[in-house]
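Here, each number is a calculation from the coordinates, and none is a lab measurement. A quick note: this is a predicted structure, and the numbers were derived from the prediction, not measured. All Cβ positions, glycine included, derive from the backbone under ideal geometry; neighbour counts span all protein chains shown.
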Amino acid sequence: MTRTVNCVLLKQELPGLDKPPYPGELGKRVFEHVSKQAWQQWVRHQVMLINEYRLTPIDPAHRKRLEWEMEKFFFGDGSEKPKEFKAPGQ
């Protein structure tokens with residue numbers, strides 16, 4: 001049976017993640033309140049942030065930045081794309 005959550009991002013009852021996707025309290029909150037579909041949206045957004053800002057997830061400061069962006073993406077006002085970002089094909 002699929003576990004469902006009331007997704008904080010997509011505002012509907014959807015299949016939830018199979019396990020916490022991130023360690024600590026933030027990972028627990030994401031597991032409890034974010035759907036698989038919304039998590040995939042975050043993954044695409046995170047890749048764009050890593051590429052545009054040249055972040056390295058093994059750098060503690062960069063990891064903190066990504067955590068901050070994840071918090072905003074799901075539980076805050078949203079994580080903005082960099083002003084310089086141009087989607088492929090634009």
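Observations, loosely collected:
- Residues of region 35-51 with an amide N closer than 19 Å to a point placed 7 Å from the Cα of Asp18 along the Cα-to-Cβ direction: 35-44.
- Range in the chain, longest, excluding exposed trypsin sites (Lys or Arg not before Pro) [loop by DSSP; at most 13 other beta-carbon atoms within 10 Å]: 12-53
- Flagged links, alpha-carbon separation over 20 Å, of Lys28/Lys81; Lys11/Lys72; Lys28/Lys72: Lys28/Lys81
- Label selected from (i) 13.8; (ii) 13.2; (iii) 18.4, the criterion being Kirkwood radius over Cα pairs in Å as computed here: (i)
- Taking every DSSP helix (H) stretch of at least 4 residues in the chain, weighting each as -39,500 (n - 2.57) and dividing the sum by the residue count yields a mean residue ellipticity at 222 nm of -16000 deg cm²/dmol.
- Placing +1 on the Cβ of every Lys and Arg and -1 on the Cβ of every Asp and Glu, with no other charges, gives the chain a dipole of roughly 140 debye about its Cα centre.
- Net charge contributed by nearby residues that have their C-beta within less than 13 Å of Asp59 (K/R +1, D/E -1): +3
- Mean separation of Cα contacts under 8 Å, 6 or more apart, over the residue count of the chain: relative contact order %: 22
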